[in-house]
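Quick notes on the structure that follows.
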Amino acid sequence: MTDRPADGGLVLVVNAGSSSLKLSLLDSAGAVTASADLDRWDGSAGTAGLRDFLAGRTGPAGHAGITAVGHRVVHGGRRFTAPTVIDDEVVAGLADLAGLAPLHQPRAIAGIEAARAALPSVPHVACFDTAFHANLPAAAADYALPAGWTTQFGLRRYGFHGLSHAHAARRAAELLAGTAPAGLRIVSCHLGAGASLAAIRDGQSVDTTMGFTPLEGLVMATRSGSVDPGLLVWLLQHGGVTTAELADKLEHASGLAGMASLPTGSGDLRDLREAAAAGDPHARAAIDVHTHRLRREIAAMAAAMDGLDALVFTGGIGEHQPETRAEATAGLGFLGVAIDHPRNGTVRGGQDADISAPGAPARTLVITTREDLEIARQVRAVLSG
């Protein structure tokens, strides 16, 4: 097996989502030379889809100049806190963590198995969304639960979307200072169907909104975000709700979709905005709760750093929906946040942009999500070390 990628070799990035398989080939400069998005990928067809993507790109060595493969893995638990070269033991360790991310972990493993079957002669590296938060200060990582539980079950706040947050911080520093993130206090807002914030000081995560699982934190498309634990206990003890039903509803039928109760069942903010504009009070209430929680948590992240230098929006909603950015920033003037509304209205994804109002003490940026670039960077770093 190749120990490290050759200079100038391509890195194949495999990003297995809850319903799709995204493939990207990146050269040593970070440019995407080819990509594919296999929608409605059910896991079982992964190898065939991957082989189709590689067909016609194979060189004499049989792997198209690909010298390494990087895989996005949502949960690394306590064991995997840095990019890790994959072998059978690592795959088994990832499977042990499936209960902590049941939507994503099995899909990542399926992607790994498919890619290893298609490219068995190059190193594969797992890159973890949780790793960026692995060194959270204890005050931010610990739950106020019995110490015996914490020790027995390995309870802590893991945090997620770390690959996106890491890239956002690095790119924000380039835009603001042309350097690394040292000296900057950044709140990164990864807003999509799943959403989380990270407080990033000197390039390191010091707080985040997601916790032991991706259910904690902000209101999301179908996930509840943070809910009073006592309310959940009450539902179990007095509401006739089973644990299976509770788990399913919190994950798949809550959040924006649950509050709005649109006939389509949609939790897409765009659909809710259309319904609210047509006079639907439930859609309007869902948007208002989403905005309130988002604004509140941005302020909390800034408090964890004693202030704010830059606010970053990324992810599908963060990049493409100026209305959400305007709503979130409207009440953050006390943090020095103010946006140029005409400029904000023109930014709808595909570009990195500064949407700050002239003279605003804190800068507000829109940054394209590039988990693929962060994964490729980590792969090259771990294999060249």
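The values are calculated or read from the model by the stated rules, or taken from the named source; none is laboratory data. Given the structure is predicted, the values throughout are model-derived calculations rather than measurements. We place every Cβ from the backbone using ideal geometry, glycine too, and count neighbours over all the protein chains shown. The accessibility values were calculated without ligands, DNA or RNA, using every heavy atom of the protein model including side chains. Shrake-Rupley method; radii C 1.70, N 1.55, O 1.52, S 1.80 Å.
When the residues of segment 131-177 are narrowed to those that are in a loop (DSSP other than H, G, I, E, B) and either over 22 Å from H75 (Cβ atoms) or out of contact with any Ser or Thr (no Cβ under 8 Å at 6 or more places or on another chain) (or both), which ends up most open to solvent (accessible area, probe 1.4 Å)? Talk me through it step by step, then tell me what you get.
We begin by selecting, within segment 131-177, every residue in a loop (DSSP other than H, G, I, E, B); these are 134-137, 142-146, 154-161, 177.
Right, trim to either over 22 Å from H75 (Cβ atoms) or out of contact with any Ser or Thr (no Cβ under 8 Å at 6 or more places or on another chain) (or both) and you get 137, 144-146, 154-155, 177.
Values: P137: 56, A144: 109, L145: 78, P146: 68, G154: 14, L155: 30, A177: 60 Å².
For segment 131-177, the residue satisfying everything is A144.
Given the criterion surrounded by fewer than 17 Cβ atoms within 10 Å (Cβ to Cβ), touching a Gly at 6+ places or on another chain (Cβ under 9 Å), on the phi < 0 side of the Ramachandran plot and part of a loop (DSSP other than H, G, I, E, B), identify the matching residue among A221, A180.
Details: A221 fails: surrounded by fewer than 17 Cβ atoms within 10 Å (Cβ to Cβ).
After applying the criteria, what remains is A180.
Which pairs have Cβ atoms under 6 Å, sit 6 or more apart or on different chains, and link a residue in segment 228-244 that is in a helix (DSSP H, G or I) to one that is modelled with pLDDT of 95 or more?
Once the first residue is in a helix (DSSP H, G or I) and sits in segment 228-244, its partners that are modelled with pLDDT of 95 or more give L235/V241.
Kindly indicate whether E297 is acidic (D, E) and surrounded by fewer than 19 Cβ atoms within 10 Å (Cβ to Cβ). If you could, list the steps in order and put the result at the bottom.
Values: acidic (D, E): yes; surrounded by fewer than 19 Cβ atoms within 10 Å (Cβ to Cβ): no.
So E297 fails the test.
Does T364 qualify as being open to solvent by less than 10 Å² (accessible area, probe 1.4 Å), outside any loop (DSSP other than H, G, I, E, B) and over 30 Å from L10 (Cβ atoms)?
Working: open to solvent by less than 10 Å² (accessible area, probe 1.4 Å): yes; outside any loop (DSSP other than H, G, I, E, B): yes; over 30 Å from L10 (Cβ atoms): yes.
The answer is yes for T364.
Just one of the numbered conditions (1) modelled with pLDDT of 90 or more; (2) open to solvent by 10 Å² or more (accessible area, probe 1.4 Å); (3) within 18 Å of the chain's Cα centre (by Cα) is not true of R107; which one?
(1)
Of all residues in segment 18-32 being open to solvent by 10 Å² or more (accessible area, probe 1.4 Å) and touching a Lys or Arg at 6+ places or on another chain (Cβ under 9 Å), which is nearest to P214 (Cα to Cα)? Steps first, answer last, please.
So in segment 18-32, the residues open to solvent by 10 Å² or more (accessible area, probe 1.4 Å) come out as 18-20, 22, 24, 27-32.
Retained after the next criterion (residues that are touching a Lys or Arg at 6+ places or on another chain (Cβ under 9 Å)): 18-20, 22, 28, 30.
Numbers: S18: 13, S19: 17, S20: 19, K22: 21, S28: 32, G30: 29 Å.
Among them, the one singled out is S18.
If you go through segment 140-162 one residue at a time, how many are small (G, A, S) and under 27 Å from G17 (Cα atoms)? Don't jump to the end; show me each part of the working.
Taking segment 140-162 and keeping what is small (G, A, S), we get 140-141, 144, 147-148, 154, 159, 162.
Cutting the leftovers down to under 27 Å from G17 (Cα atoms) gives us 141, 154, 159, 162.
Adding up the residues that qualify gives 4.
Tell me whether segment 86-95 contains one or more residues that are of a type in the set (A, V, I, L, M, F, W, C), in a helix (DSSP H, G or I) and crowded, with 23+ Cβ neighbours inside 10 Å. If you could, list the steps in order and put the result at the bottom.
Quick first cut of segment 86-95, residues of a type in the set (A, V, I, L, M, F, W, C) only: 86, 90-92, 94-95.
When the remaining residues are screened for being in a helix (DSSP H, G or I), the result is 90-92, 94-95.
Checking the rest, the ones that are also crowded, with 23+ Cβ neighbours inside 10 Å come to 94.
The answer is yes, given that some residue of segment 86-95 is of a type in the set (A, V, I, L, M, F, W, C), in a helix (DSSP H, G or I) and crowded, with 23+ Cβ neighbours inside 10 Å.
Exactly one condition in (1) at pLDDT 95 or above; (2) crowded, with 16+ Cβ neighbours inside 10 Å is not met by I66; state its number.
Going through the list (1) at pLDDT 95 or above; (2) crowded, with 16+ Cβ neighbours inside 10 Å, I66 breaks only (1).
Kindly provide the set of residues from segment 323-334 that are at pLDDT 95 or above and either among the β-branched types (V, I, T) or surrounded by fewer than 20 Cβ atoms within 10 Å (Cβ to Cβ) (or both), ordered by number. Even if it seems obvious, please write down each step before you answer.
Start the filter on segment 323-334 by keeping residues that are at pLDDT 95 or above, which leaves 323-330, 332-334.
E323, T324, A326, E327, T329, A330, G333, F334 - these are the residues of segment 323-334 that are at pLDDT 95 or above and either among the β-branched types (V, I, T) or surrounded by fewer than 20 Cβ atoms within 10 Å (Cβ to Cβ) (or both).
Quick check, is R343 assigned to a helix (DSSP H, G or I), closer than 19 Å to A195 by Cα, open to solvent by 10 Å² or more (accessible area, probe 1.4 Å) and not aromatic (F, W, Y)? Steps first, please.
Working: assigned to a helix (DSSP H, G or I): yes; closer than 19 Å to A195 by Cα: no; open to solvent by 10 Å² or more (accessible area, probe 1.4 Å): yes; not aromatic (F, W, Y): yes.
The answer is no for R343.
Any chance you could count how many residues in segment 204-213 are open to solvent by less than 20 Å² (accessible area, probe 1.4 Å) and assigned to a loop (DSSP other than H, G, I, E, B)?
Total meeting the criteria: 3.
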